1. Can you confirm whether region 163-172 contains a residue that is under 30 Å from ASN317 (Cβ atoms) and surrounded by fewer than 19 Cβ atoms within 10 Å (Cβ to Cβ)?
2. Just checking, does region 258-267 include any residue being closer than 15 Å to TYR204 by Cα and surrounded by fewer than 19 Cβ atoms within 10 Å (Cβ to Cβ)?
3. Which one of the conditions (1) farther than 24 Å from TYR325 by Cβ; (2) under 27 Å from the mean Cα position of the chain (by Cα) does THR285 fail to meet, given that it meets all the rest?
4. Answer yes or no: is there a residue in region 135-155 that is acidic (Asp, Glu) and either at pLDDT below 70 or on the phi > 0 side of the Ramachandran plot (or both).
5. Report yes if ASP213 is part of a helix (DSSP H, G or I) and among the charged types (D, E, K, R), otherwise no.
6. Confirm whether SER119 is modelled with pLDDT under 75, over 30 Å from GLY219 (Cα atoms) and either surrounded by 10 or more Cβ atoms within 10 Å (Cβ to Cβ) or among the acidic types (Asp, Glu) (or both).
7. Taking region 222-240, which residues are buried (at least 22 other Cβ atoms within 10 Å of the Cβ) and in a loop (DSSP other than H, G, I, E, B)?
8. Being surrounded by fewer than 16 Cβ atoms within 10 Å (Cβ to Cβ), at pLDDT below 80 and not in a loop (DSSP other than H, G, I, E, B) is the filter here; which residues of region 569-614 pass it?
Amino acid sequence: MAEIELIKGADNGNVADKLSAAYPKINRNFQRANSELAVHGQNITNHEGRILSAQGELDNHEVRITQAKGDIDQHKASGVAHAAEHITYEGAVTGTDNLKQAVDIVKDQLDQAIISGDSGPEAAAARVSVSGETYSTLGDRLNDEYEKHTAQLADIAKVTTAQLSVSIDDYGLVGDGVYDNSVGLQAMCDSEMYVYLPPGTYRYTTTLVLSKDKFILSGASPDTILLFEGAGHAVSVEARATIKNLLIKSKYDGTGSNVYIKHGCNLENIHLYTSAGYGVEFCTTNHVITTHLDSVTIAYNKLGGIYLKSTGISQINDVSLNRLYIAKNGFDADNLSSEATPSSGHAMYIDGGLGIRIRDYVFEYNTGAGLYLDKSTGYTLRGLVVEGGYYEQNKYARTVVNWGGAAWDNISVSGSSFSDPYPLPSNSLTPLYGNTAVIERVPLSPTININGIYDITNNKAEIGYSRVSIKPNETFDFNYYPYSSARVRSDLAECEGFKCLIINPELGGFLEYGDNNYTYINPYLDYLIEIEYKCNKGGVAGQAVFQFNRLGLDSEEQLPNTDGGAKFSASLPESLTFIKKQYVYNSGQMKKGTRRLQMYLNNENGLPAGSYLIVKYVRITPIGGNVILSGATSARPEPIKGFQYFDDTLQKQICGNGTVWKDASGATV
């Protein structure tokens, strides 16, 4: 510490220093203090340097510790850091001092078990396969099963290769609807395990026989069509085969069914149309066990949808049918099935069987019953489950059972609904009760108009058959095509901004066909037919004709009146502004086969230039006595004879007599 010079004063008994003597002392004291502080500052700086140096040493030490830990971990994970003979072993393997000796002893034991055949219980059990075959050694068993599995994989590889490489060109198949593919199609199905037919119409004239187990016949439904134009059945299934993604169509005047089942099989997403027999017929001379149908559409088969009958040599067991749409099958829509021909015209006919399950289905517009159950031959129908179905307009009855004086066992029909105005026939048929009766069902698809509209504004015709345009996996309605820009226009002043169908002397009349196998009109219902149009004939006498023609089943020719060719026809009055006309026609006028819309201007009196018929829309609504239109007095349609209307203004139901509207008392309103 610096020495301090004292300034003398009177307080210590000395003579006090004068200021001249005190100033030097004070200055010297400050100088000594500054020197002392400078020394201390340097000492502090030196100390800080030593602290920083110590921190660096600590960091370096931590790096060395981390590196050492990594070396230790690597050493622990190494498989070669220590030889096995240098590792001490203590465990279940006796007579050993180190790990190598223990491993060698275990290896000798395994070699004995696999190669030589150990006699211990565990080794003996391992030498017995799942099938019960005993091998001398475990190695023999492993080698044998390896060879078997290799062979199976080779078979699978062959099938996979066939699926990828086989072409219809290899067998000369042509999908033009004209060439006879009988020989090539049968050869392909006989030679391959998987046959894929690309889109096209494959005509053939000899029954296609499927005789190989695990065989698959597939296409691109509904664009792959098997068109059978020969005698007998279109396809005979005689092995456990699968048919999927096809449309099969036969001759209506032929002699067989579309699919004839002689062996348990699978039918998936197929469509079966217009055979002379059934869509699916089960053989009555073979036992048929374990058959599955899923997403199957059956229509226009002359004898019915599905025929399933058990006999003494044909027991039908374990059949599941899911997602079925079966419609418009039978002799003719104008005829009824009868007790004399009980198997005709039904969506599904079952006579005996065990374990039959039907789920998620629609049976409608068949000339027989929706579901006809029979046991007149004495073979019990046992374990039938029918769930989640819909029945509509099956002409014979709703769902019926012919008791036939026989016993039944475990029959369940539930979750179904009916829409059927017909009285039950006065015979032995009895309805299955316990289900729901409805007037009409909710459409299964919101994209389809259930009433059937020619949607001219969308540049195509969507002619939907009422409530029959809905079925699994395919739109069951008419073919439609885009019209030419000259036929559908909105730029003409007369169109008033709407897209309209144009008919004039230059363009000629208009025809819109349905598919040959469909009909616009259900002959069991009354229809409200509406059209909105304007017509200019220049004051010349002549008709603007609006009609539906009845055609032959497989023809585009109109039937003569002597063959029941009655048609709906109306003469449209001239109007230079858009006008709506409504017509009601009943089942006496609308016949099966009514499937061609025709509109034209009759030119027999010479229509002047500028004449036209412009149509905004055509609508067909089934009424069948169940639907009554309603609205205000000012919105009444024409008082068509027999047409009923609920007048919201008057709050009562009225009826047209052809001239005026009358209420229930007969008064004109």
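The values are calculated or read from the model by the stated rules, or taken from the named source; none is laboratory data. Just so it is clear, the model here is predicted, and its values are computed rather than measured. We place every Cβ from the backbone using ideal geometry, glycine too, and count neighbours over all the protein chains shown.
1. Looking through region 163-172, none of the residues is under 30 Å from ASN317 (Cβ atoms) and surrounded by fewer than 19 Cβ atoms within 10 Å (Cβ to Cβ).
2. Scanning region 258-267, I find no residue that is closer than 15 Å to TYR204 by Cα and surrounded by fewer than 19 Cβ atoms within 10 Å (Cβ to Cβ), so the answer is no.
3. Status for THR285: all satisfied but (2).
4. There is at least one residue in region 135-155 that is acidic (Asp, Glu) and either at pLDDT below 70 or on the phi > 0 side of the Ramachandran plot (or both).
5. Spelling it out, it is not the case that ASP213 is part of a helix (DSSP H, G or I) and among the charged types (D, E, K, R).
6. When the stated conditions are applied, SER119 does not pass them.
7. If the condition is that a residue be buried (at least 22 other Cβ atoms within 10 Å of the Cβ) and in a loop (DSSP other than H, G, I, E, B), then HIS233, ALA234 are the ones that fit.
8. Across region 569-614, the qualifying residue is only SER569.
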